[in-house]
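Single-structure report; data block below.
Any read-out appearing in this document is the output of simple, stated calculations on the displayed coordinates, not a laboratory observation. Computed from a predicted model, the values in this text were never measured in an experiment. Here Cβ is always computed from backbone atoms with ideal geometry, including for glycine, and neighbour counts include all displayed protein chains.
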């Protein structure tokens, strides 16, 4: 198939924003849409290759998978082997265990399924070295089913290929909307059924599914496509419903660029030599950049300064060029002379060897013991949210709807009682972390937990469907016969939440309910157990203290006067946890004060709640 310079440049347009946002540049909030651009390009190129060979009568599945194996696997498997080696050298056992299992899933083309099941709200995406491979899983699974579909359509419905592809695109897009509507946003993001429409758009371009335009209209359509892609980089954020509907912006733009931008101004722009160069190495650049940045963060901390951003991007480029020239190109060139069975069997064996080695390392890491028992105990808290104590504290899937289990039990968690004073804790997981301790302290009161991970209690309610559903319960008329004696609002607040928080306070005050607002919790740049383990290993706890994030402190100071001006009670969690500016790193039982970047362990939660003035938590006394 003829090489298109503009598509090489389009690959560069896809990968560069990914690098920048993953390095921590927030000026391009939608940088992650580069993956969606890649999907459309892949759908187009694969369809062109398959249909051209079908028309010539020389398409075979074996030949197709041979080319895919030579294109994808060599660089991928080498990267996986290097990541495993570096992980075994530098990571703590729990991190190595997780990395090894994700490596096995990646080698077997199932990393998107693995991360769908394992990456949750409490996870640390920036410290998951292979998280970026989820997109490869989607593509590789598409390559399994799509050729079979085209074979069937070409044989029995050759004049209905375009119509069939439009149906698939529509059904897949509808699946994305449906999954988000039923609180399965993670499944929509990671899994093929809700992503197939993006590859399908590219396929439609290849099969003539886009209308033919005149020579004057083509440049207009191409520039519109580029505008849609650029707009997506800046208007789409991590909070946007994705992939449906917001991925339509970059995907439609990419399809227009491919369909109508082979010549003209957009083609000249995308065909510039630097863009073609980056596009040519884009696959290797995508493979290597995220492990580089993840391992850097393991060593130096989650937040990269400008110099570290530049360094990780530069290292990624060096590795990408080496991978492209020493692995990608040689395999593609030399592979032309290899027999197809040799390539396919070699690919299967290589995948199984890497997956088997990774699984063996995962088992070994699970059994590994650290010489210092203090460090070993600290690191067990990286798995705290799956522990019985963590389940007691947060009640995920029962009283806290999270992205994996969005269920919320109104009867058990949000029903007033007439025989006891009622207090409602409303908010996200930063509210959920204190409910158990508040219930223990308010002996005799009935504490309602109305929480959803990532769901801040602002009015009017906002966010994912599961968030609006749970928050609407808290802001609405609660079931039961009792009277609400106090509302405690808590969340991982952001500046953009302040107006909504103040409206929430007034909403409850208008109903005669006293309100307490818990300010932002102390946070760290990375999970505190990992910081503590590193600090104990070096014999210097200042290493951990230096990881305290500064933004929540500043936000706390901005919130104090604004919340108190409404007449509500404001509790500075910064001051409660860190009197005189010194934060405890361990709870009274020796456990880390936080089990991740900012959530308390249960012993720490009890200490925090015990330090909050009782009148800020207790239900108001009913006047006779």
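Quick notes on this structure:
- Contact order relative to length of segment 383-512, as percent, for alpha carbon pairs under 8 angstrom and 6 or more apart: 28
- Highest average packing first - 173-180, 515-522, Cβ atoms within 10 Å: 515-522, 173-180
- The modelled label-to-label distance between residue 580 and residue 359, using points 7 Å beyond Cα along the C-beta direction, is 5.7 nm.
- Here the label points at residue 465 and residue 615, each 7 Å from Cα along the C-beta direction, are separated by 4.6 nm in the simple model.
- The angle separating the long axis of helix 34-56 from the principal Cα axis of greatest extent in the chain is about 30 degrees.
- Legend: calculated FRET efficiency, residue 369 to residue 543, from the Cβ-Cβ distance at R0 = 22 Å, rounded to 0.05, equals 0.45.
- Percent RCO, i.e. relative contact order, over the chain, from Cα pairs under 8 Å lying at least 6 residues apart: 15
- Within the chain, DSSP assigns beta bridges of which about 10% are antiparallel (rounded to the nearest 5).
- Sites residue 483 and residue 3, calculated FRET efficiency, Cβ-Cβ separation with R0 51 Å, nearest 0.05: 0.10
- Segment 127-246 shape via C-alpha gyration tensor axes, a/c threshold 1.5: oblate
- Summarising the overall dimensions of segment 380-616 from its C-alpha atoms, the Rg and Dmax are 17.2, 57 angstrom.
- For the chain, the longest principal axis of the Cα atoms and the long axis of helix 217-235 meet at an angle of about 30 degrees.
- Were the residues from residue 499 through residue 306 laid out at 0.36 nm apart, the gain over their Cα-Cα distance would be 66.3 nm.
- Placing pseudo-labels 7 Å out from each Cα toward the beta carbon at residue 162 and residue 329 gives an inter-label distance of 3.9 nm.
- Oblate is the label for segment 1-122. Its Cα gyration tensor axes, ordered a ≥ b ≥ c, give a/c of at least 1.5 and b/c at or above a/b.
- Once the chain from residue 376 to residue 417 is taken as fully extended at 0.36 nm per residue, the excess over their C-alpha distance is 10.4 nm.
- In whole percents, the pair-distance distribution calculated for the chain from its alpha-carbon pairs, binned every 10 Å from zero, is 3, 15, 24, 24, 17, 11, 5, 1, 0, 0.
- Gain in span if fully extended, residue 88 to residue 60, counting 0.36 nm per residue against the direct Cα distance: 6.0 nm
- Burial ranking of peptide ranges 444-453, 325-334 (average Cβ count within 10 Å, highest at the top): 444-453, 325-334
- Over segment 5-367, the hull volume per residue, using the convex hull of the C-alpha atoms, is 140 Å³.
- Packing around the peptides 459-465, 101-107, taken as the average count of other Cβ atoms within 10 Å per residue, puts them in this order, highest first: 101-107, 459-465.
- Length-normalised contact order for segment 333-424 - Cα pairs under 8 Å, 6+ apart - percent: 9
- Degrees between helix 248-260 axis and first principal axis of the chain (Cα, 0 to 90, nearest 10): 10
- Förster radius 51 Å - calculated FRET efficiency between residue 391 and residue 220 (Cβ-Cβ, nearest 0.05): 0.35
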